[in-house]
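Visitor: Dumping the structure here so I can ask a few things about it.
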Amino acid sequence: CSRWEEEKKEDGVKWMQLEHRGPYFVPLYEPLPEDVQFYYDGKPMKLSLATEEIATFYAKMLDHEYTTKEIFQNNFFQDWRKEMTLEEQEIIKDLDKCDFTEIHKYFVDKNEARKALPKEEKQKLKEEADKIQEEYGYCILDGHRVKIGNFKTEPPGLFRGRGEHPKMGMLKKRIMPEDVIINCSSDSKIPEPPEGHKWKEVRFDNTVTWLASWIENIQNTPKYIMLNPSSKLKGEKDWQKYEVARRLKDVVHKIRAQYRADWKSKDIKTRQRAVALYFIDKLALRAGNEKEEGETADTVGCCSLRVEHIQLHPELDGQKHVVEFDFLGKDSIRYYNKVSVEKLVFKNLQLFMKDKDPSQDLFDLLTTAFLNKHLQRLMDGLSAKVFRTYNASITLQEQLKALTNPDDNIAGKLLSYNRANRAVAVLCNHQRSIPKTFAKSMQILQQKIDAKKKQVEEAQEELKKVEDEFEDTKDAKAEANVEKKKKLLKRLEQQLANLNVQATDREENKKIALGTSKLNYLDPRITVAWCKKFGIPIEKIYNKAQREKFAWAIDMTGEDFEF
């Protein structure tokens, strides 16, 4: 049997044996050299060690957009002042008077120096890193040596957050052994904490798969050290996730028929549930969980939408019953969409919004828990999240069928694949800001295209020349020459075509993030089957880490797999 199908354990038990070294703690702070100084109000000022360390966090980020944002500056300054000595607090009262440029330059130079190291030195550093990976990066799980995902604690620094996160700039504290809970099997060699320290707790819980855990101080949420995505446990979980989504395929028409009927229900709560489910299904919205007030950024999902997040247009741009969505979703990413909906959905929304203030809930009677309970009754294992996985995977499969031209070359087929992947990313609203290097890399690509065009033109002229020569002489050598030049021209034209495809692909992709859906929402078997069917090497689509994560799919999928 394959390693994906070994003996099953009793329910809830994830392992019988788990042994590991505990987390690797990032090195302690190294003070700045004497000649690198911090200036306050134009005068050099020697900072205490803790204060200096936090100053370096800010200094390192000077050329980053974050440090220009007021909320980042305020959060940083507030947290920094808390860590200062009383004397420092007396002096340092204004961030604008702080000059970090010397510190910034020191780190930039240090970075450049590291990049410029001779090959042997770099190799030495790599060997040291590999040694740490060997020692801390693996655990023994039920007799197998398994790779750990993130075995190092996160270094201290300033919190960035995604989107416009209200806590950006706050101080992420150093994780100490005293913060860490270790999880392993009771009969294993329990990991030793670093000298002079002790663990917060050691527990033996084989119903969870994490190896160590601590509370991160900014969001106050637990962080875990987990197994690497390529491990059997993770692979199995991934496989199951897609199998649940495939089961949805068999009942989705029934579920759709039911929520459509529920739009006319006498019970308003049922109607709200039915409209929310329609959004989750049709627009792949996240369900949206209830949150503590003021705990995190004000982000919403489907169930937590407020009246202010949607506008109704009986007619807009030649379409009827248009709903205009505008809200911040997960990670403070803006969701903006204008969608023509069914008439009954539109009427229900008018009803749900009637006599409500903008800040009131659109689905005021609905909770995510109530919705998921209903879904679980419709199909075992079904939750709102499964719809997103299902719709993403189905979209990829349908788009690949529609877009792939069997006669295209590999570059052309890959463009079709990326276009299919883009359709999914758009559905899931996976955006990114245009990469900083975008213009530069497009310019380089354009130069390559121009150079290649010139080569093609030259090859065309050369070919014409040897053809004329052959016309005159009709000898075998001239004929061979014509063939040679034809081949060369064909090869250059192919290279030019590939470069043009690359440019199209890059341009279409500048504001879309493909990685999220590729890793989390798309059944990898669809991709593996497509690659096998059209003779595309799998590494053209999945990088090494992705190939490891999806080893289970690569092992078991033939070209005729249907999601």
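The values are calculated or read from the model by the stated rules, or taken from the named source; none is laboratory data. All figures in this text were calculated on a predicted structure; none of them were measured in a lab. Because the Cβ atoms are built from the backbone with ideal geometry, glycine has one as well, and the counts that use them run over all protein chains shown. The area values use the complete protein model at the heavy-atom level, side chains included, leaving out ligands, DNA and RNA. Shrake-Rupley method; radii C 1.70, N 1.55, O 1.52, S 1.80 Å.
Visitor: Does the range 394-406 contain any residue that is more than 27 Å from the chain's Cα centre (by Cα) and in contact (Cβ under 8 Å) with a residue 60 or more places away in the chain? Show your work before the answer.
Guide: Taking the range 394-406 first, the residues more than 27 Å from the chain's Cα centre (by Cα) are 405-406.
Checking which are in contact (Cβ under 8 Å) with a residue 60 or more places away in the chain leaves us with 406.
Yes, the range 394-406 contains a residue that is more than 27 Å from the chain's Cα centre (by Cα) and in contact (Cβ under 8 Å) with a residue 60 or more places away in the chain.
Visitor: Sticking with this one: Can you name the residue in the range 185-235 that is aliphatic (A, V, I, L, M) and touching a helix residue (DSSP H, G or I) at 6+ places or on another chain (Cβ under 9 Å) and is also surrounded by the fewest Cβ atoms within 10 Å (Cβ to Cβ) among such residues?
Guide: By that ranking, first place goes to Ile215.
Visitor: Here is a follow-up. Any idea which of Gln443, Gln376 is open to solvent by 20 Å² or more (accessible area, probe 1.4 Å), under 30 Å from Ala257 (Cα atoms) and without any contact (Cβ under 8 Å) to a residue 24 or more places away in the chain?
Guide: Gln376
Visitor: Search the range 102-157 for residues being touching a residue at least 24 places away in the same chain (Cβ under 8 Å) and exposed (fewer than 12 other Cβ atoms within 10 Å of the Cβ), and hand back the single one that is farthest from Ala212 (Cα to Cα).
Guide: Top of the filtered list is Gly143.
Visitor: Let me ask you something else. Could you list, in sequence order, the residues of the range 132-189 that are assigned to a loop (DSSP other than H, G, I, E, B) and of a type in the set (Ser, Thr, Tyr)?
Guide: Across the range 132-189, the qualifying residues are Thr153, Ser185, Ser186, Ser188.
Visitor: Between Lys532, Lys549, which is in contact (Cβ under 8 Å) with a residue 60 or more places away in the chain, farther than 24 Å from Met442 by Cα and surrounded by 16 or more Cβ atoms within 10 Å (Cβ to Cβ)?
Guide: Step by step, each of Lys532, Lys549 is checked, and only Lys549 is in contact (Cβ under 8 Å) with a residue 60 or more places away in the chain, farther than 24 Å from Met442 by Cα and surrounded by 16 or more Cβ atoms within 10 Å (Cβ to Cβ).
Visitor: Only residues that are in contact with a strand residue (DSSP E or B) (Cβ under 7 Å, 6 or more places away or on another chain) and acidic (Asp, Glu): list them for the range 215-269, please.
Guide: Glu216, the sole residue that qualifies.
Quick grid of which residues meet (1) charged (D, E, K, R); (2) at negative phi; (3) more than 29 Å from the chain's Cα centre (by Cα):
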{"site": "Gly22", "(1), (2), (3)": "no, no, no"}
{"site": "Phe38", "(1), (2), (3)": "no, yes, yes"}
{"site": "Asp41", "(1), (2), (3)": "yes, no, yes"}
{"site": "Lys46", "(1), (2), (3)": "yes, yes, yes"}
{"site": "Thr51", "(1), (2), (3)": "no, yes, yes"}
{"site": "Asp63", "(1), (2), (3)": "yes, yes, no"}
{"site": "Phe72", "(1), (2), (3)": "no, yes, no"}
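Visitor: Considering only residues of the range 168-180 that are of a type outside the set (A, V, I, L, M) and surrounded by fewer than 17 Cβ atoms within 10 Å (Cβ to Cβ), which is farthest from Gln219 (Cα to Cα)?
Guide: Looking at the filtered set, the residue picked out is Glu178.
Visitor: Only one of Leu400, Leu349 is closer than 21 Å to Leu283 by Cα, modelled with pLDDT of 90 or more and assigned by the TED database to the domain that holds Asn498. Can you tell me which?
Guide: Leu400
Visitor: Inspect the range 203-214 for any residue being over 30 Å from Pro155 (Cβ atoms), in contact (Cβ under 8 Å) with a residue 24 or more places away in the chain, of a type outside the set (S, T, N, Q) and in the same structural domain as Ile140 (by the TED database) and give the result as yes or no.
Guide: To start, the set of residues in the range 203-214 that are over 30 Å from Pro155 (Cβ atoms) comprises 206-207.
From what's left, in contact (Cβ under 8 Å) with a residue 24 or more places away in the chain: 206-207.
So of that shortlist, the ones also of a type outside the set (S, T, N, Q) come out as none.
Looking for residues that are over 30 Å from Pro155 (Cβ atoms), in contact (Cβ under 8 Å) with a residue 24 or more places away in the chain, of a type outside the set (S, T, N, Q) and in the same structural domain as Ile140 (by the TED database), one finds none in the range 203-214, hence no.
Visitor: Here is a check on your reading of the model: is Pro193 touching a strand residue (DSSP E or B) at 6+ places or on another chain (Cβ under 9 Å), over 30 Å from Glu65 (Cα atoms) and either part of a helix (DSSP H, G or I) or outside the structural domain of Glu65 (by the TED database) (or both)? I'd like the intermediate steps shown before the answer.
Guide: Numbers: touching a strand residue (DSSP E or B) at 6+ places or on another chain (Cβ under 9 Å): yes; over 30 Å from Glu65 (Cα atoms): yes; either part of a helix (DSSP H, G or I) or outside the structural domain of Glu65 (by the TED database) (or both): yes.
So Pro193 passes the test.
Visitor: Taking interchain pairs and intrachain pairs at least six residues apart, which have beta carbon atoms under 9 angstrom, with the first residue in the range 270-282 and in the same structural domain as Ser383 (by the TED database) and closer than 16 Å to Thr395 by Cβ and the second open to solvent by 10 Å² or more (accessible area, probe 1.4 Å) and aromatic (Phe, Trp, Tyr)?
Guide: Once the first residue is in the same structural domain as Ser383 (by the TED database) and closer than 16 Å to Thr395 by Cβ and sits in the range 270-282, its partners that are open to solvent by 10 Å² or more (accessible area, probe 1.4 Å) and aromatic (Phe, Trp, Tyr) give Asp281/Tyr259; Asp281/Tyr390.
Visitor: Further, regarding this structure: Of all residues in the range 83-101, which are assigned to a helix (DSSP H, G or I) and in contact (Cβ under 8 Å) with a residue 24 or more places away in the chain?
Guide: If the condition is that a residue be assigned to a helix (DSSP H, G or I) and in contact (Cβ under 8 Å) with a residue 24 or more places away in the chain, then Glu83, Glu88, Ile91, Lys97, Thr101 are the ones that fit.
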